[in-house]
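Each remark here refers to the structure printed beneath this line.
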Amino acid sequence: MSERMARAVLGQLRAAAKQLTLYPLDHPATGEVLGKLQQSGNDLSRDTVGEVVLSILGDSLYENRSLLAHASLEYNKLLRDLQNRGIESISFEFPVSEGDVYDLAAFASGLSGDIPAGGTIRLNEGPFTRAELESDEAISGLRRSYARSLDVLRGVALAIDVDEGFDLTGATWAVEQLVEHTLAQPSASLLLSTMKSHDEYTFYHSVNVCILSIALARLAGLPEDELKLLAVGALLHDIGKVRVQASTLQYPGRLNPEQWAEIKLHPQEGAAAILAAAAPGQEVAAVVAFEHHARFDGEGYPSLVYDRERHFFSRLVATADTYDALTTRRSYRRAETPNRALQVLLQGSGSFYDPNMVHAFIKMVGVYPTGSLLRLGGGELVMVTRNNEEAAEHPEVMLVRTPDGESLETPEPYSMIGRTIVDQLTPAGAGIDPAALLEVSGFESA
Ligand SMILES: [Fe+2]
């Protein structure tokens with residue numbers, strides 16, 4: 001079953017709830033936003049005969065009995081918000097009416113206290129028990145640890161924002177899970193680390209950098225206890241951005257000197273906040289936050305006056321940080337392909353980045369990193385699922401689009417023998433979200 005329709009409903013529900021919170025009902029855009037929600041709700045009927053029930057259970061979202069693994073993570077915050085409003089399931093009967101769409105958005109946004117019932121959209125009628133909902137145990141541990149890490153970051157950010165102390169116990173616990181799952185399922189973890197979120201860019205970015213750092217440190221032979229210390233630093237490296245105004249972080253153009261000065265403070269702010277937290281291991285995490293924008297050649301920010309190399313962890317995290325940032329679309333620039341991001345690392349090797357780290361990173365992800373979308377000579381589109389260390393030009397791939405342009409609902413293993421790579425596409429350019437293929441392809445479940 002395609003997750004696309006359900007993801008569209010969640011995206012439109014989020015937009016509609018936001019619209020109703022911020023603007024009066026007669027605002028010109030409100031009708032349009034509600035219309036899109038109605039349309040996406042009705043599109044759900046294409047997936048099935050009869051009604052569709054979206055159920056929220058813990059960190060997971062289900063469409064009827066099927067787990068929607070990617071949507072669960074992509075809309076993690078919305079699902080949390082809906083749960084906090086007391087929503088456990090949403091039943092859709094087709095066609096959904098305009099009035100019922102409004103009632104749903106109004107209740108979800110907190111504007112109305114009336115639980116929608118009796119209409120074409122009804123809440124909390126969930127006909128499925130926990131036992132009836134299917135789960136994918138192989139991947140769910142990894143996904144759950146990603147979701148928990150996002151939660152930790154939200155909690156820490158909130159504490160810093162209101163000038164409250166936080167302790168690192170939650171972060172330590174979350175990264176222990178992340179370390180365990182990343183080591184057990186390296187390829188799946190690397191694919192999951194391509195998750196993006198426009199709304200919570202910094203949090204998803206931080207978890208991605210954490211996963212990439214764990215995988216890289218493992219390759220460098222770091223023992224597990226040190227790996228956990230590194231992972232806490234990687235997870236919290238950008239936490240100082242809580243102190244930067246959202247308008248500066250999301251500014252769509254070139255920053256003016258004041259905005260730039262504000263951004264440049266985030267390493268210090270982050271280090272100070274981490275040092276104020278009470279927990280063992282905080283010092284090294286603070287060092288990572290402090291040094292992650294300092295360059296290999298001593299330039300960068302903050303300007304470091306000490307006469308030693310940056311910490312090994314900082315040099316490692318800086319490499320992973322750059323890679324994930326470059327492969328993400330931001331308000332002021334497009335996303336780069338994974339291969340192009342590696343070229344940027346190579347160009348900056350020895351000046352911006354530690355050459356040993358760049359070398360190890362490329363060895364780890366391969367020339368065509370997991371999640372890369374490649375157009376082949378026959379016109380078909382494939383996604384890289386695993387790096388081939390012996391033959392870099394022949395990574396393991398799945399066919400996601402046929403030469404005729406037909407997108408496969410379930411990608412199929414595909415041989416690269418005798419094929420040529422013509423072009424690389426970004427997820428936006430290909431209209432494909434690599435992380436969404438993690439579950440449909442039954443990744444590493446063997
Ligand atoms: Fe940063």
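No lab work stands behind these numbers, since they all come straight from the coordinates. Not measured: the values here are computed from a predicted model. Here Cβ is always computed from backbone atoms with ideal geometry, including for glycine, and neighbour counts include all displayed protein chains.
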Whose amide H sits under 5 Å from the amide H of Leu408, counting only residues 5 or more places off or on another chain, with H placed in the peptide plane?
-> Arg401, Thr402
Provide Rg and Dmax in Å for the chain, with only Cα atoms included in the calculation.
-> 22.5, 71
Positive-end residue, the chain charge dipole about Cα centroid, Cβ charges, pick of Ile121, Gly86, Ser303 = Ser303
Placing +1 on each Lys and Arg Cβ and -1 on each Asp and Glu Cβ in the chain, then taking the dipole about the Cα centre, the residue among Met398, Ser314, Gln12 whose Cα reaches farthest towards the positive end is Ser314
Please work out the Cα center distance from segment 365-406 to segment 416-432, rounded to the nearest Å.
-> 6 Å
Mind checking the full-extension length gain between Lys363 and Asp297? Use 0.36 nm per residue of separation minus the Cα-Cα distance, one decimal, nm.
-> 21.5 nm
Taking every pair of alpha-carbon atoms in segment 137-365, what share in percent sits in each 5 Å bin, from 0 to the bin with the longest distance?
-> 1, 7, 15, 20, 22, 18, 11, 4, 1, 0
Taking the highest mean first, how do the peptides 36-45, 233-242, 83-92, 379-388 order by number of other beta carbon atoms within 10 angstrom per residue?
-> 233-242, 379-388, 36-45, 83-92
Which of the peptides 112-125, 182-195, 252-265 is most tightly packed, and how do the rest follow, judged by the mean count of other Cβ atoms within 10 Å per residue?
-> 182-195, 112-125, 252-265
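Using R₀ = 25 Å, calculate the FRET efficiency as 1/(1 + (r/R₀)^6) where r is the Cβ-Cβ separation of Arg329 and Ala220; round to 0.05.
Here the calculated transfer efficiency is 0.25.
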Quick calc, the chain, dipole around Cα centre from Cβ unit charges on Lys, Arg (+) and Asp, Glu (-), nearest 20 debye, gives 900 debye
Spin-label point model (7 Å from Cα, Cβ direction): what's the Leu408 to Ala392 distance in nm?
-> 2.6 nm
Can you list the aspartates and glutamates whose alpha carbon is less than 19 Å from that of Lys363, not counting same-chain residues fewer than 8 positions off?
-> Asp321, Asp324, Asp354, Glu389, Glu390, Glu393, Glu396
For segment 117-174, what ratio Rg/Rh do Cα atoms give with a Kirkwood hydrodynamic radius?
-> 1.20
For segment 164-169, Karplus couplings with θ = phi - 60° (6.51, -1.76, 1.60), whole Hz, Gly/Pro x = 9, x, 9, 10, 8, 4
When ranked by the protection proxy of mean other Cβ atoms within 10 Å per residue, highest first, what sequence do the peptides 288-297, 301-310 form?
-> 288-297, 301-310
